[in-house]
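A short worksheet on the structure shown next.
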Amino acid sequence: MVLVAVAALGLGRSGEEVPFASLKSQRGFFLYQKQPFTGTATSESAGRRTEAEFWDGRMHGRLRTWHPNGQLETEVYFENGKKEGRARLWDSRGQLRQETRFRDGLAEGDATEWYDNGNLERRTGWEKGKRSGRVETWHENGKKKGVGSFQDGQREGTFVVWWPNGKKRAETNYRKGIPEGCWTEWDEEGNKLRQAWFQNGKETEGVQDRQS
C-alpha cells in the first residue's frame, strides 16, 4: 500500500530535493521555507548518505541510508509520519541483519535478526509495539540458544536456555513478568548447579536443598 501511495504521489521525482538541515520541525510537521514540506530531504555524514521522502510536512514513503561503500544500510517505509510495513537493515556487505514489520507506527508480527554468517540469531513476536508470543534465539553455530513467551510485553511461562553444545543451561518460570515457581541452572556438562523456588518474585527459604 505504501509503495502504491509513493508511486501515485511521485515523491522523490516531481517533489523538491533539499538538505535535511534546511527543514524545521514544528508540532510534528517538517517545514521548508515556513511551509509543510513535500519532496525528498537528504544528508551526508561520515560517508553515510540519508534520503527521506515527505508529503505535506510528514515523512511519507521511504527512508533510506547507505554505508560509505554505497551499500544500502536501512530501508523503512512511512505513512503520514508513522512507520508502516517492512523495515530492514543490512551490513556493509549486503547481508540482511534485521527485519521488522510495523503497523501504524508500532512493531507488529515477527522481528528477525541474523548473525554475520547469515545464521538466525533471534526471532521475536510483537503486537501493537509490545513483545507478544514466542521468542526464540540461536547461537552463532546454529544451535538453539533460548525459547520463551511474552504476553503484553511481559515474560510469561517457562523460559529455557541452552549452552552452545546443546546442553540445557537454565529453565526459569514467570508470571506477568515476575519470577514464579522453579528455577534451575546447569553447567556445560549437564550437572545441576542450583535450583530455587520463587513466589511472587521472591525466593523462598531453604530452596538450595530441594530436588526436582
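Quick check on the range 1-107: of the DSSP beta bridges with both residues there, what percent are antiparallel, nearest 5%?
Details: 36 of 40 bridges.
The answer is about 90 percent antiparallel.
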**Message:** Relative contact order of the chain, please, whole-number percent, based on alpha carbon pairs below 8 angstrom and at least 6 residues apart.
**Reply:** 8 percent
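What are the trypsin sites (Lys or Arg not before Pro) within the range 97-167 that DSSP puts in a loop, where the Cβ has at most 16 other Cβ atoms within 10 Å?
Values: sites: R97, R101, R103, R122, R123, K128, K130, R131, R134, K143, K144, K145, R155, K167; in loops: K128, K143, K167.
Counting only loop positions with at most 16 other Cβ atoms within 10 Å, the trypsin sites (Lys or Arg not before Pro) in the range 97-167 are K128, K143, K167.
Could you work out [θ]222 nm for the chain from helices alone, using -39500 (n - 2.57) per DSSP H run of at least four and dividing by all its residues? Round to the nearest 500 deg cm²/dmol. Show your work: numbers first, answer last.
On the way: 1 runs with 8 residues, N = 212.
That comes out to -1000 deg cm²/dmol.
For T50, what charge total do you get from the other residues with a beta carbon under 10 Å from its beta carbon, if Lys and Arg give +1 and Asp and Glu give -1? Mind showing how you got there, number by number?
Numbers: positive: R48, R49, R64; negative: E44, E51, E73.
In short, 0.
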**Fill in**
Percent antiparallel among DSSP beta bridges confined to the chain, nearest 5, equals 95 percent
**Complete:** Length-normalised contact order of the range 113-212, Cα under 8 Å, at least 6 apart, in percent, tallies to 14 percent
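What is the local net charge at A111, summed over the other residues whose Cβ is closer than 13 Å to its Cβ (Lys, Arg +1; Asp, Glu -1)?
Numbers: positive: K83, R86, R88, R97, R101, R103, R122, R123, K130, R131, R134; negative: E99, E108, D110, E113, E121, E127, E136.
Taking every Cβ under 13 Å from that of A111, the sum is +4.
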**Request:** With label points built 7 Å along Cα→Cβ from the Cα atoms of Q98 and D56, find their separation and express it in nm.
**Result:** 3.1 nm
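For every other residue with a beta carbon closer than 10 angstrom to the beta carbon of W183, add +1 if it is Lys or Arg and -1 if Asp or Glu, then tell me the sum.
On the way: positive: R194; negative: E171, E180, E185, E203.
Taking every Cβ under 10 Å from that of W183, the sum is -3.
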**Complete:** Which of (1) 20.4; (2) 19.3; (3) 18.3 is the computed Kirkwood radius over Cα pairs in Å? It is (1)
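Bear in mind these aren't lab numbers, they're just calculated from the coordinates by the rules spelled out. Source: prediction; values computed, not measured. No Cβ is skipped: glycine too gets one built from the backbone with ideal geometry, and neighbour counts run over all protein chains shown.
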